[in-house]
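Just so you know, all these numbers are worked out from the coordinates, no wet-lab data involved. Keep in mind that what you see is a predicted model, and the values were worked out from it rather than measured. Here the Cβ positions follow ideal geometry from the backbone for every residue, glycine too, while neighbour counts run over all protein chains shown.
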Amino acid sequence: MSHEVRPLILHVIHHLVTGGMENGLVNLINHLPESRFRHAVACVEDFSDFRLRLTRVDTPVVAFHRSRTGIWRLRQGLYRLCRQMKPTIVHSRNQSGLDALLPARLAGVPHCIHGEHGWDVSDLNGQRIKPAVLRRLHSPLVDRYITVSSDLRNYLVQRVRIPSARVTRIVNGVDTVRFSPPSMRSHEFFPDGFLAPDSIVVGTVGRIQAVKDQETLVRAFAALVHNGGEVATTTRLVIVGDGPLRGALMQLADALGIAALTWFPGNVSHVDALLRAFDIFVLPSLAEGISNTLLEAMATGLPLVATATGGNVELVSEGVNGRLFVPGDVAALTRLLTEYIGDRALLRMHGENARELAVRHFSLATMLAAYQAVYEEFCDQLSAAG
């Protein structure tokens, strides 16, 4: 197939910065067959140097800065972009991506796909009327919906009343080669003097913002330390990521007297190496779709402690590869961490089970094949019509 006739997929995303959904998009573009598809990315807001993770040099990235220029400039810009690029498919994501659908259709784009990757910060349980109505109003413009979890699929079918035949669930995939258990645990990335002999490292990775609720983890870790005993002297906490609440979280750790036992390295490029230095992975989010970092921790062979919300319950099998707790429950999280730290055999067994589940059910290859099948379906429809 010649370069000129390869279908173009225009991906519309809120912003291309460090994040789980963004990482999934990068994986999709980098690994789908270059001989079959071209790609472009339109950011409703902006992008960072995270875009450099796109290895496809033929992938333009455009930013519209909606918060500065306004919604009508965004829609005009998307219309012009679609007229110029002539994509075969516009693939929008989450609520802000809905604004791309009407401009795309007016510009003559043959097919629109809309993805739901997680709950809106203002609607963590999917109960607000306005987000559901917005999705319902845009539904005639969408050929196919893709959700990353069963609860998001149920939301579209039951709450928004999208016919189930138009909704496809595709769970995120993880690179099980890059993210794999260590042959020997290395502590080379930690600051000098941070670790104690035989330390247990409790870690999390994610954007530091309210919905991720790292505050509950900091408070639970502080309670664990203040309970005393061997646990208090050997356990360390690592919170990887950046975001608007990072400074406040560091101040909280200091106020709780655990600053010396806690490390905030910010965003890092070697997340895979850091995960291999963890012993337990915690995801305290108030809401989740299917968490990429949870999948990466699974593939690395870490036991999981996560909130019983959203797609987390599809990844964490209680008592098999991890434990679940109610969002915001500091006491429950403290108890679960204490149990793992006191039972190294259980910790290892759940970690081995996590790795096995990741390899068997959540491989990157499985995800890529599912997305390619959807894209091919609509590209084939266009070819048949032509």
Nonlocal amide H pairs with Arg38, under 5 Å, H built at 1.01 Å: Leu8, Ile9
Inter-part distance where the stretch 46-101 and the stretch 28-45 are each reduced to a Cα centre, Å: 12 Å
Over the stretch 8-154, equivalent-ellipsoid semi-axes from the Cα gyration tensor in Å: 22, 18, 16
The chain: relative contact order as a whole-number percent, Cα under 8 Å and 6+ apart: 15 percent
10 Å-binned pair-distance histogram of the stretch 89-135 (Cα, whole percent): 25, 49, 22, 3
Anisotropy class of the stretch 170-222 from Cα gyration tensor, a/c 1.5 cut: oblate
Of the DSSP H helices in the chain, those whose Cα atoms cover at least 30 Å axially and whose Kyte score averages 0.5 or more: 364-385
Reduced Cα scattering model of the chain, Debye log10 I(q)/I(0), q = 0.07 Å⁻¹: -0.33
Size-normalised alpha-carbon gyration radius of the stretch 80-227, reference 2.2 N^0.38 Å: 1.46
Sequence of Val326, Val142, Val109 once ranked by neighbouring C-beta atoms within 10 Å, starting from the fewest: Val326, Val142, Val109
Scattering profile of the stretch 200-361 at q = 0.10, 0.16, 0.21 Å⁻¹ [log10 I(q)/I(0), Debye over alpha-carbon scatterers]: -0.30, -0.83, -1.54
